[in-house]
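Notes follow the structure.
Each reported figure results from applying straightforward, stated rules to the coordinates on display, with no laboratory input. Not measured: the values here are computed from a predicted model. Please note: Cβ atoms are built from the backbone with ideal geometry, for glycine as well, and neighbour counts cover all protein chains shown.
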């Protein structure tokens with residue numbers, strides 16, 4: 001079985017970013033990471049994003065707010081970041097605390113700075129197969145892993161486990177754009193195993209530690225694991241029990257070191273695209 | 001095999017509409033049908049919609065414009081309809097002629113009047129499983145047919161043929177909201193027959209006359225035909241060769257007399273919901 005490492009895919013995306021930056025005569029594109037509170041998941045993602053931006057030669061600034069910031073105050077702060085001429089793109093760490101009306105922020109964010117595809121305009125574009133907007137980075141990262149490893153998608157049966165707004169739903173649309181035949185499974189699916197074993201490509205994005213083992217995998221299938229969970233020993237693990245796959249899957253992504261590393265590379269690419277686009281139009 | 005007639009579903013929706021109207025103390029809800037040119041499809045749909053509004057005791061007015069109206073002139077006219085206090089909901093017949101930038105209109109239309117779910121706000125809501133907006137009427141009509149006939153969806157395998165923005169894509173999300181396991185097939189799908197035969201419910205929305213016959217249908221499956229085509233004899237027909245289904249499908253919708261009749265009933269329901277909603281907030 002071939003292990004599909006995220007680092008190799010990230011390196012390819014870095015080349016694309018460098019190519020895009022070649023024509024860049026202005027200042028370095030700058031990312032704003034907006035965080036409310038100190039959730040460990042957010043802090044970990046923030047560290048990863050900062051590291052990647054630095055590695056790709058891009059700027060980033062964190063805007064952190066106290067967990068009990070009011071809806072009104074947060075919106076004022078967010079507006080300033082959203083309108084700032086210095087900021088080319090925004091990553092908003094979510095979910096936000098309950099007092100903030102997240103839906104308002106989704107509608108406020110400038111679609112051209114909305115690198116993680118949370119605005120209705122970008123969601124509608126993903127839905128329509130229009131790639132002029134930004135898809136959620138994790139969903140796009142999965143497609144990047146498949147493409148970078150030259151895994152054909154046209155006409156292929158892809159089974160997706162998970163229907164979140166961050167991965168499952170947008171990814172189903174991105175895969176449709178690549179002409180895959182997509183099956184979306186979830187917690188209420190009957191015969192999950194049978195559905196999974198039907199997929200030439202199996203994508204796990206359910207958020208449950210090691211819920212899928214080799215018995216869910218078709219012989220020779222490609223397995224992409226989007227899950228980031230902590231196992232019973234406190235160790236990072238995916239939705240797939242990777243160690244069981246040898247002899248069944250033809251290729252699989254590990255966790256850590258798989259899709260996660262590609263997500264921040266996609267974020268960096270989105271940032272550069274946003275910066276180029278702004279300079280074209282401003 | 002049971003024939004699932006649209007008229008019975010439409011009658012149930014009419015009851016819901018009457019219930020909603022009971023609390024209505026203001027004027028009768030009014031639909032604006034906006035048409036550019038004289039395409040036979042548009043005229044036929046317009047006639048159906050007008051007839052249904054009259055049958056449901058609702059008002060409707062057609063706003064027809066010449067096929068060569070300029071982008072600018074059309075936008076001016078559309079704005080007036082969009083902002084009119086007399087109009088509770090809008091049905092825009094599409095596609096528009098090429099000189100009109102349809103995407104601009106999708107972004108202009110007031111989401112609360114957008115009865116056929118073409119605005120990014122409503123698309124994003126359908127995508128997220130948020131039913132506070134409006135889904136495209138035809139997609140919702142399919143779910144209404146299934147629900148009115150008490151066909152369970154939770155956990156069931158539904159195969160959908162077609163990935164249009166009007167039916168396939170939004171319908172996949174509506175079915176996901178009903179907890180179905182959804183497979184989306186299309187022109188590039190390999191082994192279409194096998195995929196279709198996998199579905200406990202098979203939904204045809206491909207727009208190709210009689211492309212699916214009984215050999216594509218699992219024994220006992222429910223078949224919903226969204227297609228409206230003209231066959232070799234100039235007769236209206238669906239995407240499914242209905243006459244072949246006896247003995248294979250357990251239930252099926254005919255064309256005409258199936259989903260089509262429900263689509264305009266859903267439009268009427270959306271109109272009344274839009275009117276109620278406006279009066280709550282205006």
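Output the residues belonging to the stretch A:199-252 that are in a loop (DSSP other than H, G, I, E, B) and crowded, with 21+ Cβ neighbours inside 10 Å.
The first filter runs over the stretch A:199-252 and keeps only residues in a loop (DSSP other than H, G, I, E, B), leaving A:199-200, A:205-211, A:213, A:217-221, A:226-228, A:231-235, A:238-239, A:241, A:245-250.
Matches in the stretch A:199-252: A:199, A:205, A:206, A:217, A:221, A:226, A:227, A:228, A:238, A:239, A:245, A:249.
When restricted to residues that are under 17 Å from residue A:272 (Cβ atoms) and buried (at least 19 other Cβ atoms within 10 Å of the Cβ), the stretch A:27-84 contains 10. Of all the residues in the stretch A:185-194, those that are farther than 16 Å from residue A:248 by Cβ and in contact with a helix residue (DSSP H, G or I) (Cβ under 9 Å, 6 or more places away or on another chain) number 4. Being touching a strand residue (DSSP E or B) at 6+ places or on another chain (Cβ under 8 Å), touching a residue at least 40 places away in the same chain (Cβ under 8 Å) and away from chain A (no Cβ under 14 Å) holds for only one residue in B:160, B:176, B:236, B:267, and it is B:267. So which residues in the stretch B:179-189 are touching a strand residue (DSSP E or B) at 6+ places or on another chain (Cβ under 6 Å) and either surrounded by fewer than 20 Cβ atoms within 10 Å (Cβ to Cβ) or facing chain A (nearest Cβ under 7 Å) (or both)? If the condition is that a residue be touching a strand residue (DSSP E or B) at 6+ places or on another chain (Cβ under 6 Å) and either surrounded by fewer than 20 Cβ atoms within 10 Å (Cβ to Cβ) or facing chain A (nearest Cβ under 7 Å) (or both), then B:181, B:182, B:183, B:184, B:185, B:189 are the ones that fit.
Take the conditions under 24 Å from the mean Cα position of the chain (by Cα) and within 14 Å of chain A (Cβ to nearest Cβ) and apply them to residue B:200. Does it pass? Steps first, answer last, please.
Values: under 24 Å from the mean Cα position of the chain (by Cα): yes; within 14 Å of chain A (Cβ to nearest Cβ): yes.
Criteria met by residue B:200.
Candidates B:87, B:81, B:69: the one that is more than 20 Å from residue B:6 (Cβ to Cβ) and either in a helix (DSSP H, G or I) or under 17 Å from the mean Cα position of the chain (by Cα) (or both) is B:81.
Among the criteria (1) within 10 Å of chain A (Cβ to nearest Cβ); (2) out of contact with any strand residue (DSSP E or B) (no Cβ under 9 Å at 6 or more places or on another chain); (3) part of a loop (DSSP other than H, G, I, E, B); (4) touching a residue at least 24 places away in the same chain (Cβ under 8 Å), the one residue B:130 does not fulfil is (4).
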